[in-house]
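For reference, the structure is listed below as structure tokens.
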Amino acid sequence: MSPRRSFWIAILAYGALSAAAFLPPTDLPSTGGGIGGVLVAASAGYALLRRDRVGGPEEWNLAVLAAIVGAVLYAVVTVLGAV
């Protein structure tokens with residue numbers, strides 16, 4: 001898997017998990033968090049579908065690794081918080 005694809009999949013996972021954590025909205029901050037998560041997920045989905053129009057990292061570097069590790073850690077914390 002290329003670093004660009006891995007990067008955008010990690011961002012998509014973060015956005016989807018963020019939206020799921022904040023939705024359904026119970027107050028104004030959770031509404032903003034849910035909308036923000038949806039926007040991040042939609043942007044990453046667009047980047048995955050339209051690779052010719054959107055850039056991204058071309059090599060494995062700290063930004064790619066940080067996105068992947070951050071998405072995994074966010075998933076673990078979200079799952080443990082729901083239990």
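The values are calculated or read from the model by the stated rules, or taken from the named source; none is laboratory data. Predicted model only: the values in this text are computed from it and were never measured. For neighbour counting, all protein chains shown are included, and Cβ atoms are generated from backbone atoms with ideal geometry for every residue, glycine included. With ligands, DNA and RNA removed, areas are computed over all heavy atoms of the protein, side chains included. Shrake-Rupley method; radii C 1.70, N 1.55, O 1.52, S 1.80 Å.
Given the structure, is Thr78 modelled with pLDDT under 90, hydroxyl-bearing (Ser, Thr, Tyr) and within 16 Å of the chain's Cα centre (by Cα)? Answer is yes for this residue.
Screening Ile11 against (1) open to solvent by 50 Å² or more (accessible area, probe 1.4 Å); (2) at pLDDT 95 or above leaves a single unmet condition, (1). Confirm whether Leu49 is of a type in the set (A, V, I, L, M) and surrounded by 12 or more Cβ atoms within 10 Å (Cβ to Cβ). Taking the combined requirement at face value, the residue does not satisfy it. So in segment 20-35, with the set limited to residues that are more than 20 Å from Val79 (Cβ to Cβ) and surrounded by 14 or more Cβ atoms within 10 Å (Cβ to Cβ), which one is farthest from the chain's Cα centre (by Cα)? It comes out as Thr31. When Glu59 is tested against the conditions (1) exposed (fewer than 14 other Cβ atoms within 10 Å of the Cβ); (2) without any contact (Cβ under 8 Å) to a residue 40 or more places away in the chain; (3) of a type outside the set (Val, Ile, Thr), the lone failure is (2). Does Val69 satisfy the criteria of being under 14 Å from the mean Cα position of the chain (by Cα) and either among the small types (Gly, Ala, Ser) or open to solvent by 70 Å² or more (accessible area, probe 1.4 Å) (or both)? Yes, satisfied. Quick one: would you say Arg4 is charged (D, E, K, R) and surrounded by 13 or more Cβ atoms within 10 Å (Cβ to Cβ)? Judged against the criteria, Arg4 is a match.
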